[in-house]
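A.B. asks: Quick one: the structure is below, questions incoming.
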Amino acid sequence: MMTTTRPQDNQKNDSMTAPQRLMKISQDIAALSEQVNIIAVSKTFSPEAIAPVLAAGHRVFGENRVQEVAEKWPDLKASYPDVELHLIGALQSNKAAQAVALFDVIHSLDRIKLARVLAAEMKQQNRQLKILVQVNTGKEDQKSGIPPEETEEFVRTCRAELGLNIDGLMCLPPQQDVAGPHFALLQKLSQQCDAPLLSMGMSGDYEEAIKFGATHIRLGTAIFGPRTQKL
Ligand SMILES: *Cc1c(COP(=O)(O)O)cnc(C)c1O
């Protein structure tokens, strides 16, 4: 699958490499906030495309498929054991065990059944991941996530009934919308839920997300260039 991907690192008009783009973004956002973590979203990109970013010292990466990570990351992790992997895509309950073993942070908790399975798996594997609840701020039918008005209750249930730590919230605003109001809503919910990690902002809107207190921005294209494979 990912072996057929040919990331064109230098094809972006500015001809910078992925590590150079990442460096520039880090410098630019340092002026906006001291608190924001860049998740380099490496989905569809090959180990060869990822290696230079690791070599440059970056350790926080995002992927959206368990299977892809199982194939791609064990070798990279052998060389860079302190890598932190974030699952930013939908998770099926039957892949939860694998996800708990492979990832450090899960951004896509979106239903109680998954919460139950994750709580059990973390106990079983004696691994404590950070967990973020995905909120469907745009209430889109085709998008997963907890509706905004149910988020507080959902977080409370996860904590009280399952003993599951909820560390933060994540959102993916509707493509056609101005993102700001969605980020503002997520920020407000995060305060109400006392779930301080705020995963919001992608290549096109991360500066806006930082204004609303994003702690984690998820950048794919802005670092690695365009994806040749749709995911
Ligand atoms: C792919 C993906 C990203 C990165 O998108 P870019 O626009 O390439 O930065 C961020 N978040 C999620 C959930 C994604 O699936």
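A.B. asks: Would you work out what percent of the accessible area of segment 73-154, with all protein chains in place, is carbon or sulfur (probe 1.4 Å)? Don't skip to the answer; put the middle values down first.
C.D. replies: Numbers: 1840 of 4000 Å².
Percent of accessible area from carbon and sulfur atoms in segment 73-154: 46.
A.B. asks: List the lysines whose Cα sits under 29 Å from the Cα of Lys139, skipping any in the same chain fewer than 8 residues away.
C.D. replies: Lys43, Lys95, Lys113, Lys130, Lys188, Lys211, Lys230
A.B. asks: Sticking with this one: So what is Rg over Rh here for segment 171-231, counting just Cα atoms and using Kirkwood for Rh?
C.D. replies: Values: Rg = 12.3 Å, Rh = 12.1 Å.
That ratio equals 1.02.
A.B. asks: Same structure again: What relative contact order, as a whole-number percentage, does the chain give when Cα pairs under 8 Å and 6 or more residues apart are counted? Don't skip to the end; give the middle numbers.
C.D. replies: Working: 420 pairs, mean separation 50.8, N = 231.
Taking the mean separation of contacting Cα pairs over the length of the chain, I get 22 percent.
A.B. asks: A follow-up question, please. To the nearest 10 degrees, how steep is helix 66-79 against the longest Cα principal axis of the chain, on a 0 to 90 scale?
C.D. replies: Helix 66-79 sits roughly 60 degrees off the main axis of the chain.
A.B. asks: 5 Å is the cut-off here: which amide hydrogens, built 1.01 Å from N in the peptide plane, fall below it relative to Leu109, excluding neighbours closer than 5 in sequence?
C.D. replies: For Leu109, the qualifying residues are Leu132, Gln134.
A.B. asks: By accessible area of protein heavy atoms, probe 1.4 Å, what ranking do Phe154, Phe103 get, highest first? Can you show the working numbers first?
C.D. replies: Numbers: Phe154 20, Phe103 0 Å².
Ranking Phe154, Phe103 by accessible area, largest first, yields Phe154, Phe103.
A.B. asks: Can I ask one more? Under the √(5λ) rule applied to the eigenvalues of the Cα gyration tensor, what semi-axes describe the equivalent ellipsoid of segment 1-146? Give them in Å, descending. Walk me through the numbers on the way to the answer.
C.D. replies: Details: eigenvalues 151, 70, 50 Å².
Largest first, segment 1-146 gives 27, 19, 16 Å.
A.B. asks: Could you give me the ³J(HN,Hα) list for segment 207-217, computed from phi with Karplus coefficients 6.51, -1.76, 1.60 and θ = phi - 60°, whole Hz, x at Gly and Pro?
C.D. replies: 5, 5, 4, 5, 4, 9, x, 3, 9, 9, 9
A.B. asks: Rounded to the nearest whole Å², what accessible area per residue is found for the chain with the 1.4 Å probe? Present the calculation step by step, with values, prior to reporting the outcome.
C.D. replies: On the way: 11080 Å² over 231 residues.
Computed with neighbouring chains in place, this is 48 Å² per residue.
A.B. asks: May I pose another question? Placing unit charges on C-beta atoms (Lys and Arg positive, Asp and Glu negative, everything else neutral), compute the dipole magnitude of segment 7-223 about its Cα centre in debye, rounded to 20. Could you put the intermediate results ahead of the total?
C.D. replies: Details: 22 positive and 27 negative charges, 83 e Å.
Rounded to the nearest 20 debye, it is 400 debye.
A.B. asks: Counting only residues 5 or more places away or on other chains, whose amide H sits under 5 Å from the amide H of Ala56 once H atoms are built in the peptide plane?
C.D. replies: The answer is none.
The values are calculated or read from the model by the stated rules, or taken from the named source; none is laboratory data. As the structure is a computational prediction, the values presented were derived from the model and not from experiment. Using ideal geometry, Cβ is built from the backbone for each residue, glycine included, and neighbour counts are taken over all protein chains shown. The protein model used for the area step is the full one, side chains on, heavy atoms only, and it has no ligands, DNA or RNA in it. Shrake-Rupley method; radii C 1.70, N 1.55, O 1.52, S 1.80 Å.
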